[in-house]
């Protein structure tokens, strides 16, 4: 990929569980991309370079990759109990040869909840 695709998550209510999400990835000709052997991570931050608020990764089992399928899993104790804010995120893949590719980026908004 030459640039990350923009994808904004649906707003997640603060205090609710994040139930995960699957991405199925295809090229411009609708051919499945192959991420076999890749590792991945996704981080939420307020601004680029700011501290990591939440992280998912294949290293800790909170993300999984199957060929063209990237699965961001529900984390153990995955209640999104972080301040409401429109967080930034991206998903970065590292291929077995060391090539690094940021494939998705966008907003991960947390909204204030009413019931606690």
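Every number in this text was worked out from the coordinates using simple rules, so none of it is lab data. Here the structure is a predicted model, which means the values were calculated and not measured. Counting neighbours? That spans all protein chains shown, and the Cβs are built from the backbone with ideal geometry, glycine included.
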Completion exercise
Whole-number value, in Å³ per residue, for the convex hull of the alpha carbons of the stretch 34-85 is 100
Problem - Spin-label model distance (nm) - residue 95 vs residue 115, 7 Å beyond Cα toward Cβ - result: 4.8
Problem - Separation in nanometres of the label points that stand 7 Å from Cα toward Cβ, at residue 84 and residue 59 - result: 3.4
Fill in the blank from the handout: Computed over the Cα atoms of the stretch 66-116, the Rg and Dmax in Å are 14.9, 48
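Determine, for each peptide in 15-24, 53-62, 94-103, the mean count of other beta carbons within 10 angstrom over its residues, then list the peptides with the highest first. List each step's numbers first, then the result.
Details: 15-24: 14.0, 53-62: 16.3, 94-103: 11.7.
Final packing ranking: 53-62, 15-24, 94-103.
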Problem - Estimated inter-spin distance, residue 46 and residue 11, nm [label 7 Å along Cα→Cβ] - result: 2.0
Fill in the blank from the handout: If one builds a Gaussian network model of the chain from Cα atoms under 10 Å apart, the most fluctuating residue listed among 80, 63, 42 is 80
Problem - Choice from 48, 83, 13 with maximal GNM fluctuation in the chain (Cα, 10 Å cutoff) - result: 48
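For the stretch 5-111, what Kirkwood radius comes out of the mean inverse Cα-Cα distance, in Å? Before the final figure, lay out the partial values.
On the way: mean 1/r = 0.0696 Å⁻¹.
Here the Kirkwood hydrodynamic radius works out to 14.4 Å.
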